[in-house]
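Input: a single structure, listed below in structure tokens.
Since every read-out is calculated from the coordinates, none of them should be taken as a lab result. Here the structure is a predicted model, which is why all the values come from computation and not from measurement. Backbone-built Cβ (ideal geometry, glycine too); neighbour counts: all protein chains shown.
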Amino acid sequence: MPSWLQWTLIIAGLIAITLLLAFIRRQVGTLSEGRRRRLKAEAFQQKRREDMIDSIRVIAMAVETEQVEYSEACLRIKGLLDHVAPELLEQTPFRVFQEVHEKLEHMPTHRARQATDTRFVEKMDKERFEVEKVHADEIRRAATAIRHHQFDAR
């Protein structure tokens, strides 16, 4: 084999090695970036979950100290539990949050409530207060239980 052909093949091999090294370096950088983004997203989700758990506990404390209407607390706690631990809504004593939600979900809230006829709102309020009255003891017990509940780390 002529010497010039050997040198040509050696140079071609070195160029191929250099190109492969550049490709590998770029792939490693892409993988690192993906891993960093995934870890950042996981940290964000974990922080969000912790914030929701804190909100559940604050609302439960507000129920215990009677600083919030029970119906409002049930709706909010149920909404947060849907994201944090939906399985709790099927368990005693937390089931009351789901039950109250189901009894009140047809009622207008926020802007819809403001746009609704006053007499209809009064009728709905009367119904809501009756639901609160019927479930008051259960709601207080569930609030105390959820405030002390140890949520699974996810």
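Laid out as a table, the results:
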| read-out | value |
| --- | --- |
| Alpha carbon Rg of region 69-151, scaled by the compact-globule rule 2.2 N^0.38 Å | 1.15 |
| Set of lysines near K126 by C-alpha distance (under 23 Å), chain-local residues within fewer than 8 positions excluded | K78, K103 |
| Debye, to nearest 20: dipole size of the chain, +1 on Lys, Arg Cβ, -1 on Asp, Glu Cβ | 1080 debye |
| Distance in nm between pseudo-label sites at K40 and F23 (7 Å out along the Cβ direction from Cα) | 2.9 nm |
| Net length gained if the chain between L5 and S55 were fully extended (0.36 nm per residue, minus Cα distance) | 10.6 nm |
| Spin-label model distance (nm) - V121 vs E72, 7 Å beyond Cα toward Cβ | 1.4 nm |
| Cα-based equivalent ellipsoid of the chain: semi-axis lengths in Å, sorted from largest, via gyration tensor | 63, 18, 11 |
